[in-house]
Amino acid sequence: MKFEINHPFRYTAEHIIRLFLPHVKLEETPALTADGMASLVRFTPERVIPEGAFLSARLVAGETNMFEERFLPGATPEYGNMRDECERLLAVCLFEVLCEYFGHRPQWGVVTGVRPAKLFRRMCLAGGEQYASRHFAENMLVSEKKINVLRDVGALEDKIVESGGEGAFSLYVAIPFCPTRCAYCSFVSQSVQQSKKLIPEYISLLCKELEHTADTANKLGLHLRTVYVGGGTPTAISPADLKTVTDTIARRFDLAGTMEYTIEAGRPDTLSDEMLRVLKDSGCTRISINPQTLNDDVLRRMGRAHTAQQAIDAFHRARAIGLDNINMDLITGLPHDSEESFGQTLDSIIELSPESVTVHTLAIKRSSEFNFLQRENGDNHLLSAHNNQNGMPAAQLAATQLGMAHSRLKQAGYGPYYLYRQSKTVGNLENTGFSRPGYECAYNVFIMDETHTILGCGASAVTKLRRPSGQFIERIFNYKYPFEYVSRFDEILRRKERILEFYAEV
């Protein structure tokens, strides 16, 4: 695909194009041509009049030539204080042209951010819910269905955010190892087999970082509200190694005032009886068992080394041992899944009755196996990220599956409590957490809303320092890969000295 952008808003233009053509190579050309398909987004100085300026987008594909235009009062070629509105209107022009050409209207319109629920809540505080809804519908072209979800999420997020309290923080602990790498995965995680020799030293240094972090939090008088041990798959390491980590957390942090303590137990094939006992005895109050689907063929194709029955059995064994707050993750838009198959997965999950269900939309990231296969197959057809059993375009299938999740989970007593978006998701859709009343995961809300400080430990963990007043966030990054974490650990502790400096400044 060739395109010309005659304005400084390249990122936004590319984002809008990728809503419709997520896997094509975007090639910039100095002039609009009719060779293949091209899009033109242009701020046109020759169309400036004393009252303002006309902004336009044009699409040329063979003999098709489509044009969309918007007028912005007061705008000039220099943009000035109209820059944000120029960017929005140019996005609207391009979006409308592409919607008409492809006959498909993405439900999030021209929204590009990861945290639409946070923006919606902020606008509600500024002008009320009607004002926020009108802005999302009229200015950002978001569908009524998605605005209704934002309303539901916002109501629950408000309550959770208020529960954080002054001087609160959350602890994130990264254990970036997995039994195998899933075909959709782009996280910084390594297989246990590959990293076997590295794990003991990694665990030892992780505990040192946890001790250092606890000392820092105590010096600052911060109060721990939530703990989240994520991955990778924390339960992919040995029960003894995980116990070493959880014992360190219990010994060095005051868990008495925490709202929740989550450990991801994502892969059912890692949940031996011994591992479940470690989880039960660790002090954690919430675990996550993540089958992603209960279709054995889809599991096999995505590189999961377990069956649907193993996931169900793991859930029952977790219940039997006394773990009474369990989340389960699902993914919409998976290759070779179907509307019927996803519906069967949903029904089975609802029958298990976990306390919460998180429904992700497949995101085909650059470093994932799915993306490699996509490029290798050369499949750039509209919205067809991969094959599925009924031949439905991938975006349409994912949207249908997500709609099924909303309706069936709502009927079963679950409501959406947090929502976020990722780049390169099929159909530009979202990830949504559903829970029964009282079982919302506060950590998920805190990190998405950026409500308070998050102190991160482990490879790829990010510490987010939030000023007590205002929205300012400062980030401290740990090294991404376990071997970097081990070899440059002293530098990580040096970076963490910034935490004390930050709080001294504020």
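Checking each residue in segment 462-506 for being exposed (fewer than 12 other Cβ atoms within 10 Å of the Cβ) and part of a strand (DSSP E or B) picks out only R475.
A459: among the hydrophobic types (A, V, I, L, M, F, W, C), touching an Asp or Glu at 6+ places or on another chain (Cβ under 9 Å) and within 21 Å of N325 (Cβ to Cβ), yes or no? Break it down into steps so the answer makes sense when it comes.
Details: among the hydrophobic types (A, V, I, L, M, F, W, C): yes; touching an Asp or Glu at 6+ places or on another chain (Cβ under 9 Å): yes; within 21 Å of N325 (Cβ to Cβ): no.
No.
Screening I289 with (1) surrounded by fewer than 21 Cβ atoms within 10 Å (Cβ to Cβ); (2) over 18 Å from V173 (Cβ atoms) gives one miss only, at (1). In segment 395-429, how many residues are touching an Asp or Glu at 6+ places or on another chain (Cβ under 7 Å) and assigned to a helix (DSSP H, G or I)? Final tally of qualifying residues: 3. Residues in segment 272-288 that are closer than 24 Å to A405 by Cβ and either free of Cβ contacts under 8 Å to residues at least 60 places away in the same chain or assigned to a loop (DSSP other than H, G, I, E, B) (or both): I287 alone.
Of the residues L334, L299, the single one that is part of a loop (DSSP other than H, G, I, E, B), out of contact with any His (no Cβ under 6 Å at 6 or more places or on another chain) and over 25 Å from L206 (Cβ atoms) is L334. Any idea which residue in segment 99-129 is surrounded by the most Cβ atoms within 10 Å (Cβ to Cβ), counting only those that are among the aromatic types (F, W, Y) and either at pLDDT below 90 or closer than 30 Å to M66 by Cβ (or both)? Per the stated criteria, the residue is W108.
The set of residues in segment 289-331 that are in contact (Cβ under 8 Å) with a residue 40 or more places away in the chain and acidic (D, E) comprises D313, D329. Do we find a residue being surrounded by 13 or more Cβ atoms within 10 Å (Cβ to Cβ), modelled with pLDDT of 90 or more, of a type in the set (D, E, K, R) and touching a strand residue (DSSP E or B) at 6+ places or on another chain (Cβ under 7 Å) anywhere in segment 74-97? Yes, segment 74-97 contains a residue that is surrounded by 13 or more Cβ atoms within 10 Å (Cβ to Cβ), modelled with pLDDT of 90 or more, of a type in the set (D, E, K, R) and touching a strand residue (DSSP E or B) at 6+ places or on another chain (Cβ under 7 Å).
When residues of segment 279-293 are filtered for being over 19 Å from the mean Cα position of the chain (by Cα) and modelled with pLDDT of 95 or more, how many remain? If you could, list the steps in order and put the result at the bottom.
Narrowing segment 279-293 to residues over 19 Å from the mean Cα position of the chain (by Cα): 279-286.
If we keep only those that are modelled with pLDDT of 95 or more too, we end up with 279-282, 284-286.
Of the residues in segment 279-293, 7 are over 19 Å from the mean Cα position of the chain (by Cα) and modelled with pLDDT of 95 or more.
Would you say V227 is surrounded by 23 or more Cβ atoms within 10 Å (Cβ to Cβ), part of a helix (DSSP H, G or I) and out of contact with any Lys or Arg (no Cβ under 9 Å at 6 or more places or on another chain)? So V227 fails the test.
Looking only at residues of segment 444-460 that are hydrophobic (A, V, I, L, M, F, W, C) and outside any loop (DSSP other than H, G, I, E, B), we find that the one that is nearest to the chain's Cα centre (by Cα) is M448.
The values are calculated or read from the model by the stated rules, or taken from the named source; none is laboratory data. Quantities reported herein were computed from a predicted structural model and do not represent experimental measurements. So basically every Cβ, Gly included, is an ideal-geometry build from the backbone, and we count neighbours across all protein chains shown.
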